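Every number in this text was worked out from the coordinates using simple rules, so none of it is lab data. Here the structure is a predicted model, which means the values were calculated and not measured. For neighbour counting, all protein chains shown are included, and Cβ atoms are generated from backbone atoms with ideal geometry for every residue, glycine included.
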Amino acid sequence: MTDSAEPGGYDNDAVTEVLHLGRGVVAPDAPDAPPPPPPRRRFDWRPVYLIAPTILVLAVIIVYPVVKAVMMSFQRNPGFNEDTGRFVSGGFAGFDNYLLWLTGNCGDGRGTCPPGTLGADFWPAVGVTLLFTVAIVGFSTLLGLWMATIMGRSFVGRSFLRASVLIPWAIPTAVTAKLWYFIFAENGIANSLLGTDIAWMTDPWASRLAVIIADVWKTTPFMALLILAGLQMIPQDVYEAARVDGASAWQRFKSITLPLVKPALMVAVLFRTLDVLRIYDLPAILGGTSGSTPISTVAILTVADIRQGHLQSASALSTLIFLGIFAVAFVMVKFLGANAVRTQDEQRKGGER
């Protein structure tokens, strides 16, 4: 017997398989055909049509001025050329405008800007701005957290207290500045109550303290409002459980309130930091806009340079301010957790920092 069927004969194995199929034996499954590809969805342009007008408006009012300022920062200020004896309209200046502010180079090298000029006042103004930022944000954060903790409790007259606390923040800054200008005048309320003759508007440290006090008084309600919104999202069951476990008030504040209110607290600190870094109106009204006062900030220098007709160097200074504020915002959002998108639930679950 041979292993294979002869030509023209029957294959016994094939016949047996056919017979078994007829008796109910299940045949091996045939390979399934690949599913048809899903139909391609056409791109929906409706969201683009709805968003495009807003993006266009933002590009016109935000992107274009920024790009224009950067371009102008590399142009020379128009003025009188002593070498040629002619009035020049400008021209490409390279990084001369940036060196004017960063190194005090007024044309003859580093540190050649005479005292009293805007170029020589840049770094003192930077120091004053940073001093205001640290002091104002620090004091307003502490006071705002304390006020928010009180306003978050249940007591008679809580609604009246919340409304009255917001009054300083609702007053326009110009009105607030004039109010404190009269308080810190030479014969004002501050010297009358203290029995002193402090020159609040001319003494370097007294004038800086006056600006800090005035700005903290005005902006602390804003901090309290943002922090209070974060406190309202903390479940009361957590505090009840801590009381049952015997936790003291300080332990509850340190282990429950601070960790859970951190997202709202960091967002409030971020907003106030960015706001103080470009502070202008309050110190300008209290001390003047000449740029050489003890409370001059970098924003005051920018406006003073514009008033002198130096739009190109003022554009360079505004670009430096923009880069500095952007760097501070990036550090706070990236490394300190000041992310407005993060929710309280993510914070409680230990979301990514």
key: Percent RCO, i.e. relative contact order, over segment 197-309, from Cα pairs under 8 Å lying at least 6 residues apart   = 31 percent
ask   = Taking the Cβ of residue 166 as the center, what net charge do the other residues with Cβ under 14 Å away carry, scoring Lys and Arg +1 and Asp and Glu -1?
value = +3
key: Euclidean distance between Cα centres, segment 89-107 to segment 167-231, Å   = 37 Å
key: Calculated FRET value between residue 233 and residue 336, using beta carbons and R₀ = 25 Å, to 0.05   = 0.80
key: P(r) weight above 15 Å for segment 147-195, C-alpha pairs, percent   = 61 percent
request  = Quick one: which residues, 5 or more positions from residue 75 or on another chain, have an amide H under 5 Å from its amide H? H modelled 1.01 Å from N in the peptide plane, none for Pro or chain starts.
outcome  = 93
ask   = What list of ³J(HN,Hα) values in whole Hz, one per residue of segment 319-326 in order, does the Karplus curve 6.51 cos²θ - 1.76 cosθ + 1.60 (θ = phi - 60°) give from phi, with Gly and Pro shown as x?
value = 5, 4, 4, 4, 5, x, 5, 4
task = Consider just the alpha-carbon atoms of segment 50-187 and return their Rg together with their Dmax, both in angstrom.
result = 24.1, 78
query = Among 221-230, 194-203, 120-129, 294-303, how do they line up from the highest to the lowest mean number of other beta-carbon atoms within 10 Å?
reply = 294-303, 221-230, 120-129, 194-203
query = From the square roots a ≥ b ≥ c of the eigenvalues of the alpha-carbon gyration tensor of segment 166-265, which class results: rounded (a/c under 1.5), prolate (a/b over b/c), or oblate?
reply = prolate
